[in-house]
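Since the structure comes first, as structure tokens, the remarks are kept for the end.
Every number here is computed from the coordinates shown, using simple stated rules; none is lab data. This structure is a prediction, so every number in the text was calculated from the model and none was measured. Don't worry about glycine lacking a Cβ; one is built from the backbone with ideal geometry, like all the others, and counts go over all protein chains shown.
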Amino acid sequence: MLIKILFIVFSLSITTLLFAKKKDVINFAPLPTKSSSQNVKEFLPVNNYLKDKLSLDINYVYKKNYRDILDGFEKGDIDIAYLGPLPFISLKKEYPFAEPIVTFKQSNGSAKYRCVVAKFIDDKFDKTKQIKVALTQPLSTCGYLMTNILLKDKFNIKLKDEKYKYTMSHTNALISVVKGEFLLAGAKKSIAKKFESLGVEIIAQSEFLPGFSLIVNTKTLTKKQIHQIQNALLSISKENYKKFGGIISNGLEKAHINDYDSLNIDFHIPQNGNM
């Protein structure tokens, strides 16, 4: 009997140790739109910092698209992801255990950004005729969702009644406008501004939206772990932002769920274009 009890205690101890060890490895999903080498380069400083500060190892989980990341959260395969506002809201609607902890700043020092609708300066915009619109990805915030909202609010145009195509990046959408393949493009303002020297002009812009954030899975990570990770990142001094480089080079700030209120609306995002 004593041997049996000791065996049970030993087994439970081993199980506990294995579980604790597993929790020291965080499954992290970076952006699916960049190469694996680029993602490692951008997130390596954060990886090394968390490893030194909290003895955490980050296991990179590469997904082909945003949908795979959302599915990974629900299956428990992903503990943390780096997501824009629309993918996060889409995830939150399906999986309530997702929460933002920090938002990364852009080169201008702001953690917020705008989406825009842009066209080539010499092209005529005739609202009475069907137009062709270049979009990014289905789950890009500046893709179908914000382009549709801007066209409706500014020009009384419904995107579903026009011709549109997903070009899979902001840059691709803007280049297609420069080349004359599409009349309009939906894109991030900071990217569209880079194309102004090529004749691109912004004709509508959104309100400020929360930037890309680290989203944690509250079902696979404990409150203590989440608190420790958030505090560790927020405690990084401004002097170390540039030193670390990568995704943290411009700094970060605490994320607030109410920053996403303007996007917390009922919406349907077509997964394919209509041309």
Starting from 0 in steps of 10 Å, tell me what percent of the Cα-Cα pairs of the stretch 115-206 lands in each bin. 20, 60, 20, 0
About its Cα centre, the chain carries a charge dipole, from +1 on Lys and Arg Cβ atoms and -1 on Asp and Glu Cβ atoms, whose size in debye to the nearest 20 is 220 debye
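Contour minus end-to-end for His227 and Lys254, with contour as 0.36 nm per residue of separation and end-to-end as the Cα-Cα distance?
Working: separation 27, 0.36 × 27 = 9.72 nm, distance 1.15 nm.
My answer for the length gained is 8.6 nm.
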At a 10 angstrom cut-off on C-beta neighbours, averaged per residue, how do the peptides 113-125, 129-141 rank from highest to lowest? 129-141, 113-125
Only Lys, Arg, Asp and Glu count, each charged at its Cβ (+1, +1, -1, -1), so figure out the dipole size of the stretch 115-206 about its Cα centre, rounded to 20 debye. 160 debye
Any chance you could give the angle, 0 to 90 degrees and rounded to 10, that helix 144-155 forms with the longest Cα principal axis of the chain? 30 degrees
Once both axes come from the Cα atoms, what is the angle between helix 2-23 and the longest principal axis of the chain, in degrees from 0 to 90, rounded to 10? 30 degrees
Report, in degrees rounded to the nearest 10, the 0 to 90 angle that the Cα long axis of helix 36-54 makes with the longest principal axis of the chain. 40 degrees
Return one quarter of the surface area of the convex hull spanned by the alpha-carbon atoms of the chain, equal to its mean projected area, in nm². 17.3 nm²
Tell me the relative contact order for the chain as a rounded percent, counting alpha carbon contacts under 8 Å between residues six or more apart. 26 percent
Could you sort 60-70, 78-88, 256-266 so that the peptide with the highest average Cβ count within 10 Å comes first and the rest follow in order? 78-88, 60-70, 256-266
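So for each of 171-178, 43-50 I average, over its residues, the number of other beta carbons within 10 Å; can you give me the resulting order with the highest mean first?
Working: 171-178: 21.5, 43-50: 18.4.
For the peptides 171-178, 43-50, the packing ranking is 171-178, 43-50.
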What does the helix-only formula give at 222 nm for the chain: each DSSP H stretch with n ≥ 4 adding -39500 (n - 2.57), the total divided by the residues, and the result rounded to the nearest 500 deg cm²/dmol? -12000 deg cm²/dmol
From the phi angles alone, apply the Karplus equation (6.51, -1.76, 1.60; θ = phi - 60°) to the stretch 161-169 and give each ³J(HN,Hα) in whole Hz, x where the residue is Gly or Pro. 8, 9, 8, 9, 8, 7, 9, 6, 6
Once you put a point 7 Å from the Cα of Lys152 and another 7 Å from the Cα of Ile203, both along the Cβ direction, what distance in nm separates them? 1.9 nm
